[in-house]
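J.: Pasting in a structure now, in structure tokens, and then I'll have a few things to ask.
The values are calculated or read from the model by the stated rules, or taken from the named source; none is laboratory data. On a predicted model such as this, the values are computed, not experimentally measured, just so you know. We place every Cβ from the backbone using ideal geometry, glycine too, and count neighbours over all the protein chains shown.
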């Protein structure tokens, strides 16, 4: 039985893409370990669903504020010290410990699993995967949900320098490379010509939903992410709603604090909206998102396109909206524009950072409920036939098996 170890700098509930891959390999008979670390407090409760019921063995490394606090404190001290020293010294694992609070802990935990393949999800986990694999001369896979070196706008940003250093040092040791959007794959391949990225779309498993025709009543807009915050395109949605004569609701799903809650409520008031038009929902379990989203009419992916990573990434928003049977309105980032050109019937594209253009797109569906219903049904069917993990996982299985020589 082949053994595979996944490593992430997040938690299971904050990385559903990883969980899908874990479940797929378990169902194929692989022995699977997951090395993860504390990242978000809200995710702890949902993590128990995976850690207590999955056939995979989950290892929390680096402690947390609620368990193994001394280890957690030491990891934070090491992280801060390494971030300072890594600017001047590239030896002694200072960069590796600077890019991940739990690098030291993850390497130790991963080595103990003695896997045949180590799969890193996100750049901070890659050094641990490579070092653990080299310990027993095994193989490494890497999944790029983002282009990490493209998350910064200035080349003199210390974080850009650090991410670039880790990419250049560890990418040559990767045996397979997957990416969550065509343009992330393309940009990484252009930057590192020896890479040959495979596209794995950020889709969920199929779910059977009851599709109900929309009548001429309040249209419900939906936006979600792990965090509800500024400069993520929400401002454009709220401002656009103020330009729409129809009564609309915007439902926001994600973790938020009082500062952001008050900020968006103030913006809603400034835009002429009533207090019941912007509704906040706290995080829910990842496996509930598709069903939850299906209660709404239009999913909005209003990415602002800055920095470069936001312009070339294709978030799971779009695929979630499609699989939930929502019409999609998305900004014209490079990645989303390309997706729209390849899938012209899933929704409407609008000029990013342009609330008036977004309002026009919303009003189109308000004034043409028949088109809205047709689009919703088309997208749900698309999610049931091609845009789902049942289809996408075949590529993942082929990649892993080929890497392991199966």
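J.: Could you go through the stretch 205-224 and let me know if any residue there is within 18 Å of the chain's Cα centre (by Cα), at positive phi and at pLDDT 95 or above.
T.: No, every residue in the stretch 205-224 fails to be within 18 Å of the chain's Cα centre (by Cα), at positive phi and at pLDDT 95 or above.
J.: Could you check the stretch 251-284 and list, in sequence order, the residues that are outside any helix (DSSP H, G or I), farther than 13 Å from residue 228 by Cα and at pLDDT 95 or above?
T.: Within the stretch 251-284, 271, 272, 273, 277, 284 qualify.
J.: Taking the conditions exactly as written (in the same structural domain as residue 373 (by TED's automatic domain parsing) and either touching a residue at least 60 places away in the same chain (Cβ under 8 Å) or surrounded by 13 or more Cβ atoms within 10 Å (Cβ to Cβ) (or both)), does residue 275 satisfy them or not?
T.: no
J.: How about the stretch 1-27: which of its residues are closer than 25 Å to residue 290 by Cα and either more than 18 Å from the chain's Cα centre (by Cα) or free of Cβ contacts under 8 Å to residues at least 12 places away in the same chain (or both)?
T.: 24, 25, 26, 27
J.: Looking only at the stretch 69-78, count every residue that is touching a helix residue (DSSP H, G or I) at 6+ places or on another chain (Cβ under 9 Å) and crowded, with 18+ Cβ neighbours inside 10 Å and tell me the total.
T.: 2
J.: I need the full set of residues from the stretch 238-259 which are within 13 Å of residue 282 (Cα to Cα) and surrounded by 14 or more Cβ atoms within 10 Å (Cβ to Cβ), in order please.
T.: Once the filter is applied, which keeps residues that are within 13 Å of residue 282 (Cα to Cα) and surrounded by 14 or more Cβ atoms within 10 Å (Cβ to Cβ), the stretch 238-259 yields 251, 252, 253, 254, 255, 256.
J.: A follow-up question, please. Report the residue count in the stretch 15-38 for those that are out of contact with any strand residue (DSSP E or B) (no Cβ under 9 Å at 6 or more places or on another chain) and part of a loop (DSSP other than H, G, I, E, B).
T.: Selection size over the stretch 15-38: 2.
J.: I would also like to ask the following. For the stretch 106-129, which residues satisfy the criterion of being assigned to a helix (DSSP H, G or I), buried (at least 24 other Cβ atoms within 10 Å of the Cβ) and touching a strand residue (DSSP E or B) at 6+ places or on another chain (Cβ under 7 Å)?
T.: 106, 110, 125, 126, 128, 129
J.: Exactly one condition in (1) under 20 Å from the mean Cα position of the chain (by Cα); (2) over 22 Å from residue 209 (Cα atoms) is false for residue 253; which is it?
T.: Failing condition for residue 253: (2).
J.: Of all residues in the stretch 155-200, which are part of a loop (DSSP other than H, G, I, E, B), touching a residue at least 12 places away in the same chain (Cβ under 8 Å) and over 19 Å from residue 118 (Cα atoms)?
T.: Within the stretch 155-200, 181, 192, 194 qualify.
J.: So, in the stretch 46-68, of the ones that are modelled with pLDDT of 90 or more and part of a helix (DSSP H, G or I), which residue ends up surrounded by the fewest Cβ atoms within 10 Å (Cβ to Cβ)?
T.: Looking at the filtered set, the residue picked out is 52.
J.: Can you name the condition, by its number, that residue 92 falls short on among (1) assigned to a loop (DSSP other than H, G, I, E, B); (2) closer than 28 Å to residue 1 by Cα?
T.: Unmet condition: (2).
J.: While we're on this one: Filter the helices (runs of 4 or more DSSP H) completely within the stretch 288-380 down to those with at least 3 residues that are in contact (Cβ under 8 Å) with a residue 24 or more places away in the chain and closer than 29 Å to residue 14 by Cα.
T.: The qualifying helices (runs of 4 or more DSSP H) are 289-293, 308-312, 316-323, 334-342.
J.: I've got another one for you. Starting from the stretch 242-257, keep only residues that are more than 23 Å from residue 317 (Cα to Cα), then list their pairs with residues that are in a loop (DSSP other than H, G, I, E, B) and at pLDDT 95 or above whose Cβ atoms are within a distance under 6 Å, requiring at least 6 positions of separation or different chains.
T.: If the second residue must be in a loop (DSSP other than H, G, I, E, B) and at pLDDT 95 or above, the pairs left are 242/271; 242/272.
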